[in-house]
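Okay, so here's the structure we're looking at.
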Amino acid sequence: MRFFARRTAAALGALLLGSALLGPVTLAADVTDIGFVDQAALSNIPSFTAANKELAAYKAGLDRAFAKSMKGVHDQNTQARIAQEFQNKLIQHQHDLFAPLFDRARVAIASVASSKNLSVVVDKRIVIFGGQDVTNNVIDLLAGPGDPIPPVNTPPPSSVGFVDQTQIDALPKLKAANDDFQKFQTDQQQQAQAKMKNARTDADKQQVLKDYQGAVNDKQKQEIQPLVDATRSAISDVAKKRGLLLVIDRTNLIYGGTDITTDVTSELK
Amino acid sequence: MLQASSSKRGPTGRARAALGIATIALAAGLGGCAGGASSNATDASKSGAASRIGYVRMDELVKVHPLYSQLARLDDDMQALQLRALGDNIARSGSDVAQEERTLQRELDAAAAQTKKALDGKEQEYNRREQAAIAAALGAGASATGPGGQQIAGGVQAAANEQALAVEKAANQNLDAYRNELIKQDEDAEHSLQSSLSQRALREYGAQADRLEKAEADFALQEASDDSAERLSLRTKLANLALDDASHADVKAQLDALEKKEADALGAMKNRDQATLVALQKRLHDDSETELNAQVAQIRKRTMAKIGERAADTRKDVIGQLGRLNTGPGGVAVPGGVSPDMKAKLVALHAKFQHDFNGDASKTLAQFQKTRADLTRRFQELAGVDAGAQAGAGKEMDALQRQRGDLYNQMVAQIGREVRVLAEQRGINVVVSDIVAPAGGVDLTADVEKDIESLHE
């Protein structure tokens, strides 16, 4: 009897020791709430490829009509107006084709994320290791009969935050700096293009390129980098206050996450 | 533009565009799905999870990768091409273009004819003056054995041939130097790669060997622990002096059997582990070799393409230079049979007239180049930029982007494998890149950077 008791105790001890050794990995794998989707794979499902084909055919027809409309038109304003009209047509058609597909995909992703208790789903491109790949689950749901059913619950609070960079870039001081830099870069590019045309040897061309890169990099360091640093610092501060672990860009986020854009823009104002 | 996570050498917008309309549209479309938890949502305080989420700054890691020099070169090539490419222009109707093109062509033809005439005239004039000077020099230093006009003419041709050979030789030397430089860079990159892959395989092998060794030690300990009561009992019996010989031998045999059972079990485990390690070693070797071969093949393909381009450029340059040589003043070559002093004098005379003619011709040509550049620009404006050049530049840009994309993906995949090994060692179960700002996650960048940098050695 005592022999069995000792054996049991030893076995329990070994089990506890094993759990302690394997603990971090095993537990982490169970509790992870970060998922990812391969958006390139989703774009290959039949409904998307069919929509793409249709859009390409529509664009080809539009290109022909555009060329016809531009014939004999010399006024730049008229040319710009016509180009804009055709561009709008293409965008509208793209929206008509893809909007219902996106809606369906969104619901499918939300449904899968909810069923797997994921607080956030990001683009596969930014995940180097770990996380739950839910691409196939989403594809299965989209390929199945009927429409996917939206989840009842909203996503749980996530330790992964996100910011909408376009909103941050639109802040007056950032926009002014950005515009100024863009203008500088365009000017430099034009000057470099002119010099490049006259450059005879490889060495001359290399020098033109080097000068151009140097000028743009210097400007970037002087005017843009301080703002980038300040923005990053503000985002970090807000993230820490909100108890977040990481902050990613909205373009890399597909579902869930904690939006801190408003807090960041307030801090930067 | 002001993104905090801006990755200079990362996948560019153009590279992403290569995924096609659908992917981009999908990314944009699905992006709107985010934001389920608003900024007012409950704070997600998960400090316990901090140790499980890591991140790396991919742009920094890419910069320390052994193949970064190649990536940077491709970036420079693309930027240079972009600078060389011509800007957008406005399309015009076919008849307008044709009419204006004809006018411009007439102007260009007239300018070219005028330049040619001027150059011909100058050439003749300089030739005449040079011949006169040479005749005067030869006459002044004439001796009974001096060379005749035929010999001088032969010398002229010989000198021209020599110049052509020199041009070709110099061009070939430049091409050889370029080729050798690229080959040397490739060799360096291949060595780095080979070292990187070997190190990775060694690390993986070492990690597995450590795991197995630990498991064996645990197993031995467990066995000893399981049998400890029985062993103690047998040893106590053996220590009993009152035990008769037969009983003593029996207990001794039981103890030996117990020891043998444990040793056999451990031995069997070690054999299995050894077989596992041998299989792992083979797999790692095969994987490394396959990956090395694939990457080396890509590196060489890129190099061959570059050398091919340069060789074509060199041929064009040589033809251009030889053409210029033929249209220059005939000058004089040093004929045989003249005294060293006379030779030096003739060479100096030739050099002087060559120099004078070149200077004069350069001015005429510069004027023509200016006129031609102006007309070319007007041609380009007229036709909405030379469609051929535009298409050629576009094709070249596409090829460069594809090369860059392939190379970047290779590098990121290799960095990813390093990250994976490190994350497993550190018990981190999710690692992401391209973050906007860190907060509480584990920054693995420095450690991965060290691993990658050590691969250069």
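The values are calculated or read from the model by the stated rules, or taken from the named source; none is laboratory data. Bear in mind the structure is a predicted one, so any value in this text is a computation, not a measurement. With ideal geometry, Cβ positions are generated from the backbone for all residues, glycine too; neighbour counts draw on all protein chains shown. In case anyone asks, the SASA skips ligands and DNA or RNA and just uses the protein heavy atoms, side chains included. Shrake-Rupley method; radii C 1.70, N 1.55, O 1.52, S 1.80 Å.
The table for this structure:
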{"quantity": "Hey, B:Lys270 open to solvent by 70 Å² or more (accessible area, probe 1.4 Å) and closer than 25 Å to B:Glu181 by Cα or not", "calculated": "no"}
{"quantity": "Candidates A:Ala40, A:Ala57, A:Ala105, filtered to the one that is under 26 Å from A:Pro145 (Cβ atoms), modelled with pLDDT of 90 or more and part of a helix (DSSP H, G or I)", "calculated": "A:Ala105"}
{"quantity": "Count of the range A:54-71 residues which are without any contact (Cβ under 8 Å) to a residue 40 or more places away in the chain, within 10 Å of chain B (Cβ to nearest Cβ) and under 30 Å from A:Ile109 (Cβ atoms)", "calculated": "2"}
{"quantity": "Pick from the range A:77-104, criterion of a type outside the set (D, E, K, R) and closer than 30 Å to A:Gly131 by Cβ, ranking: most open to solvent (accessible area, probe 1.4 Å)", "calculated": "A:Pro100"}
{"quantity": "Matching residues in the range B:406-443 - criterion: being open to solvent by less than 40 Å² (accessible area, probe 1.4 Å), part of a helix (DSSP H, G or I) and facing another protein chain (nearest Cβ under 7 Å)", "calculated": "B:Gly416, B:Val419, B:Ala423"}
{"quantity": "Any hit, the range B:211-221, residues being under 30 Å from B:Gln295 (Cβ atoms) and either modelled with pLDDT of 85 or more or in contact with a strand residue (DSSP E or B) (Cβ under 9 Å, 6 or more places away or on another chain) (or both)", "calculated": "yes"}
{"quantity": "Residue that is aliphatic (A, V, I, L, M) and touching a residue at least 40 places away in the same chain (Cβ under 8 Å), where the choices are B:Leu280, B:Leu243, B:Leu255", "calculated": "B:Leu280"}
{"quantity": "Candidate set from the range B:444-457 (those that are surrounded by 14 or more Cβ atoms within 10 Å (Cβ to Cβ) and either of a type outside the set (A, V, I, L, M) or within 14 Å of B:Gln199 (Cβ to Cβ) (or both)); member that is modelled with the lowest pLDDT", "calculated": "B:Leu455"}
{"quantity": "Residues (open to solvent by 30 Å² or more (accessible area, probe 1.4 Å), within 10 Å of chain B (Cβ to nearest Cβ) and touching a helix residue (DSSP H, G or I) at 6+ places or on another chain (Cβ under 7 Å)) located in the range A:147-168", "calculated": "A:Pro151, A:Asn153"}
{"quantity": "Which listed residue, of A:Lys175, A:Lys210, is farther than 27 Å from B:Ala373 by Cα, without any contact (Cβ under 8 Å) to a residue 12 or more places away in the chain and more than 8 Å from chain B (Cβ to nearest Cβ)", "calculated": "A:Lys175"}
{"quantity": "B:Arg129 within 14 Å of another protein chain (Cβ to nearest Cβ) and either surrounded by 14 or more Cβ atoms within 10 Å (Cβ to Cβ) or modelled with pLDDT of 75 or more (or both)", "calculated": "no"}
{"quantity": "B:Asn161 being at pLDDT 70 or above and more than 17 Å from the chain's Cα centre (by Cα)", "calculated": "no"}
{"quantity": "Residue list for the range A:182-200, filter: touching an Asp or Glu at 6+ places or on another chain (Cβ under 9 Å) and within 7 Å of chain B (Cβ to nearest Cβ)", "calculated": "A:Ala192, A:Met196"}
{"quantity": "Scan of the range A:232-248 for residues that are more than 7 Å from chain B (Cβ to nearest Cβ) and closer than 12 Å to A:Val163 by Cβ, ordered by number", "calculated": "A:Ala234, A:Val238"}
{"quantity": "Those residues of the range B:214-253 which are among the polar types (S, T, N, Q) and surrounded by 15 or more Cβ atoms within 10 Å (Cβ to Cβ), in sequence order", "calculated": "B:Gln222, B:Ser225"}
{"quantity": "Failed condition for A:Leu142, given (1) more than 8 Å from every other protein chain (Cβ to nearest Cβ); (2) more than 21 Å from the chain's Cα centre (by Cα); (3) open to solvent by 30 Å² or more (accessible area, probe 1.4 Å)", "calculated": "(3)"}
{"quantity": "Unique residue being surrounded by 15 or more Cβ atoms within 10 Å (Cβ to Cβ) and more than 28 Å from the chain's Cα centre (by Cα) when the list is A:Val73, A:Val107", "calculated": "A:Val73"}
{"quantity": "Cβ pairs under 8 Å, 6+ apart, first in the range A:124-149 and under 17 Å from A:Ile34 (Cβ atoms), second assigned to a helix (DSSP H, G or I) and of a type in the set (Ser, Thr, Tyr)", "calculated": "A:Lys124/A:Thr135"}
{"quantity": "Any hit, the range A:211-225, residues being among the acidic types (Asp, Glu), in contact with an Asp or Glu (Cβ under 9 Å, 6 or more places away or on another chain), modelled with pLDDT of 90 or more and open to solvent by less than 20 Å² (accessible area, probe 1.4 Å)", "calculated": "no"}
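Conditions (1) at pLDDT 80 or above; (2) of a type in the set (Ser, Thr, Tyr); (3) loosely packed, with under 15 Cβ neighbours inside 10 Å, marked per residue:
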position: B:Leu280; (1), (2), (3): yes, no, no
position: B:His285; (1), (2), (3): yes, no, yes
position: B:Thr290; (1), (2), (3): yes, yes, yes
position: B:Asn293; (1), (2), (3): yes, no, yes
position: B:Val296; (1), (2), (3): yes, no, no
position: B:Ile299; (1), (2), (3): yes, no, no
position: B:Ile307; (1), (2), (3): yes, no, no
position: B:Arg315; (1), (2), (3): no, no, yes
position: B:Thr327; (1), (2), (3): no, yes, yes
